[in-house]
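The values are calculated or read from the model by the stated rules, or taken from the named source; none is laboratory data. The structure presented is a predicted model; accordingly, all values stated were derived computationally and were not measured. A quick note on method: Cβ atoms are made from the backbone with ideal geometry, for glycine too, and the neighbour counts reach across all protein chains shown.
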Amino acid sequence: MDKPDDLQYISAVNFGLNAGLNYKLNDNLLINLTYSHGLSDLLIKIEGDTKHKDYKSMNRVFSIGLNYLF
């Protein structure tokens, strides 16, 4: 299956490091904070493309969550 034009330059694989903290508020509620730091470049380099040769795109994500335990 062919990718749409704008997705042909984006890698389907991403490697990274994740770290997180959990805090139990009570017997049923948990709050968590996480950070994900992508290590791999998401942009696929196209041979002969000199305009975008120095571009890099990597994931950096902060997240917060509230969990209910039952």
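Filtering segment 7-37 to residues that are over 19 Å from Leu66 (Cβ atoms) and hydrophobic (A, V, I, L, M, F, W, C) leaves Leu7, Ile10, Ala12, Val13, Phe15, Leu17. Screening Asp6 against (1) surrounded by 12 or more Cβ atoms within 10 Å (Cβ to Cβ); (2) over 13 Å from Asn59 (Cβ atoms); (3) of a type outside the set (A, V, I, L, M) leaves a single unmet condition, (1). Looking at Tyr35, is it surrounded by fewer than 12 Cβ atoms within 10 Å (Cβ to Cβ) and of a type outside the set (D, E, K, R)? Considered against the rule, which asks whether it is surrounded by fewer than 12 Cβ atoms within 10 Å (Cβ to Cβ) and of a type outside the set (D, E, K, R), Tyr35 comes out as no.
Scanning segment 41-70 for residues that are at pLDDT 90 or above and under 22 Å from the mean Cα position of the chain (by Cα) yields Asn59, Arg60, Val61, Phe62, Ser63, Ile64, Gly65, Leu66, Asn67.
Among the candidates Thr50, Thr34, the residue that is in contact with a Ser or Thr (Cβ under 6 Å, 6 or more places away or on another chain) and of a type outside the set (Phe, Trp, Tyr) is uniquely Thr34. Picking from residues in segment 9-32 that are surrounded by 11 or more Cβ atoms within 10 Å (Cβ to Cβ) and hydroxyl-bearing (Ser, Thr, Tyr), the one that is farthest from the chain's Cα centre (by Cα) is Tyr9.
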